[in-house]
Amino acid sequence: MKFASVVASIGVACSTTSAFVVSPNGQAVRTKSSGTSMIGSRSENVLHKFDSRSSALRMAELAKGMDGEDYELLSLPARKGRALKVAIAGGGVGGLTTALCMLQKGFDVTVYEKTAAFARFGGPIQFASNALSVLKEIDSNVFDRIMDKFTFTGTRTCGIKDGLRADGNFRMTDDSLAYLWDPETPADWFVKFPLKECADLYGLPYTGVIDRPDLQDILMDECRKIKPDFIQNGNPVTAYESHGKGKGVTVNLADGSSADADVLVGSDGIWSAVRAQMYGEEIKKSSTDLTKRQGCTYSGYTVFAGETIIKTPDYYETGYKVYIGPQRYFVTSDVGDGRIQWYAFFALPPGTKKAPSGWGGSVRDDQADPEENLVDYVKSLHEGWTDEIMEVLDSTPPDSVEQRDLYDRSPEFFRSWADGNVVLIGDAVHPMMPNLGQGGCQAIEDAYVLTETLSNIRTTEKLADSLQQFYRKRILRVSIVQFLSRLASDLIINAFDTPWSPHDDLGKSWKSYLTFFWKPVLQYAIFPAQFAYLYSFHPTGDMEGIPAALESKWKTEHYDTAEDAFARVAEEGQAAAGPSFFEKAKVSETVLQAKRD
């Protein structure tokens, strides 16, 4: 009897309790009732059976494993079997990129996200050249859509400026050592980063930023084209039960329901519920001094962030700048449409709470003291620094300032990221300091490598082993990037100071001499090696003329949108912490000016 006839006859006989459909690959699927049925046979080692764990019972194709057990065949578009079923905890950058990558491979993916509905909030996120290469390899259309919303920073001057000696005019000067013998040579710039040169080394697109809401919209839209109901909002993963080799995992959700999958991917952020169960942690539990929180360590730094529209004299010439000085540093970055986002890093105890903490996509909470002007507070911590910082701060609406204590984790050399049929990626297992802008980039790399690893297995027998293989592939690179990200903060805060100069006494401590001697080492050895390593993961290979073409197209658009924003603010104004940013900020004189006077 033909297979279709068997299905039809069973469907008639059981019409009051069951319904059967034939899937595109010719398998029978029962959509109601329970139990196990056998329909025909194919060989001694390949059978059809229903998986009773799934709420929607499916017909599975089995293959005999090396241990004598039956394991289900997993399909790809050109390979028989059923689709690998994946549950993803968390719908952030890592979770959505993983979903897209896996959906394109033919996996059956569901994302469980805690927010009830996605809203357009969250600031810009940096994508370095390595992440852009991965996105291009995953989907050229996604890459093109991201480029349409992108602001390049790595095509322009980026680097470290002297927070005390910069003269306040945002001037573009050389970073040579000529100031040592020529007192008229400016010493504004300390070191410049070889971002463009290292991207050109591999033929990759240049580093830049995209607004999180735009990125989120693109990834969500592309995922829905493949599976419209791929995401469940307002129902996060709270726990899981792994059933052993080839037997899948049951995912427990916040509303009390559960779902079955072959693999659970924990991409639920630094305070991960999946990691809490895997490593025996308590979610968000802190030590009394707040230096430890759910297995993460306080970095020693808190960061304030704000955003403003301001046309500085160097706006079109610089991508991002790091102003260094005693015990702190201040970063500004062009984020497109005339906007500058700034970050102020301070070595303060954890819990030194001043500003709301909604930056980065989390829910914004209340300000500790609603009456306090947070811009004035940040300015007070930079007393005596260059007017360039004060001008940016004075143009910033105080209610836009946010704060976050920075936590990270040590590399997991002695504990795998995987446990049975469950695996961790991104900030859920390797959160890192934001100095290199690699947090989201490494999550994207995780998504790509994990998908490629899983797509190479043919049966559920190999799932747990493949997750361990993914961990082994990623642990060394991610650990190096974590180390470099942390080192950048530790060096700037603890080992860097205002560099020594023979023409003033602004830098006379041992740290100042050390910083001075670091300059050629950083410029010609450390920074080139660092960025060359970061960009060395580039699955696209050399993209030849594409990066230059993208930069050329973007430059005109960037100028037009920025000028529109500047004109709008000039006409309508914006809330400011001090004088209008079209006037020179009247702030306390800088240390440099005091020395000159």
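The values are calculated or read from the model by the stated rules, or taken from the named source; none is laboratory data. Just so we're clear, the structure is a prediction, and the values are computed from it rather than from any experiment. Cβ: placed from backbone, ideal geometry, glycine included. Neighbour counts: every protein chain shown. Quick note on the areas: whole protein, heavy atoms, side chains included, nothing else; ligands and nucleic acids left out. Shrake-Rupley method; radii C 1.70, N 1.55, O 1.52, S 1.80 Å.
To the nearest 20 debye, what charge dipole does segment 197-261 have about its Cα centre, counting +1 at the Cβ of each Lys and Arg and -1 at the Cβ of each Asp and Glu? Write down the numbers at each step before the final one.
Working: 6 positive and 11 negative charges, 87 e Å.
Roughly 420 debye, rounded to the nearest 20.
Considering only GLY507, PHE531, ALA567, the residue lying farthest towards the positive end of the dipole of segment 493-569 is GLY507, judged by Cα position with unit charges set on Cβ. Too long at a 30 Å Cα-Cα cut-off: which of LYS225/LYS245; LYS149/LYS321; LYS284/LYS354; LYS149/LYS473; LYS105/LYS292; LYS292/LYS473? As for pairs spanning more than 30 Å Cα to Cα, those are LYS225/LYS245; LYS149/LYS473; LYS105/LYS292.
Using only the Cα atoms of segment 150-221, construct the convex hull and provide its projected area averaged over every direction, in square nanometres to one decimal.
On the way: hull surface 27.7 nm².
Mean shadow area of the hull around the Cα atoms is 6.9 nm².
Basic side chains Lys and Arg get +1 at the Cβ, acidic Asp and Glu get -1 at the Cβ, and with that the dipole of segment 368-479 about its Cα centre reaches some 1360 debye. Peptide packing for 420-426, 410-416, 249-255 was compared via the average number of neighbouring C-beta atoms within 10 Å per residue; ordered from the highest value, the list is 420-426, 249-255, 410-416.
Between the DSSP loop rule and a limit of at most 11 other Cβ atoms within 10 Å, which chymotrypsin sites (Phe, Trp or Tyr not before Pro) in segment 181-210 are left?
Working: sites: TRP181, TRP189, PHE190, TYR202, TYR206; in loops: TRP181, TYR206.
Those satisfying the criteria are TRP181.
Just how far, in whole angstrom, is segment 161-223 from segment 253-300 if you go by their alpha carbon centroids? Their Cα centres are 35 Å away from one another. Under the combined filter of DSSP loop state and at most 11 neighbouring Cβ atoms within 10 Å, segment 135-231 retains these GluC sites (Glu not before Pro): GLU184. If you average the sequence gap of Cα pairs under 8 Å that are 6 or more apart and divide by the length of segment 271-410, what percent do you get for the contact order? Reported relative contact order: 30 percent.
For segment 234-283, treating each Cα as an identical point scatterer without solvent, what Debye log10 I(q)/I(0) comes out at q = 0.13, 0.24, 0.26 1/Å? The Debye formula, applied to the Cα set alone, gives -0.28, -0.93, -1.05. Bridgeable aspartates and glutamates around LYS285 (alpha carbons under 20 Å apart, same-chain partners fewer than 8 residues away excluded): ASP268, ASP365, ASP405, ASP408, GLU412, ASP427.
In terms of distances greater than 22 angstrom between alpha carbons, the cross-link table entries LYS161/LYS511; LYS161/LYS519; LYS379/LYS519 yield LYS379/LYS519.
State the percentage of accessible surface on segment 468-562 attributable to carbon and sulfur atoms; use a 1.4 Å probe and exclude ligands, DNA and RNA. On segment 468-562, the fraction of accessible area on carbon and sulfur atoms equals 65 percent. Taking amide H positions as modeled 1.01 Å from N, with prolines and chain starts lacking one, the residues under 5 Å from ALA239 and 5 or more places away or on another chain are ASN252.
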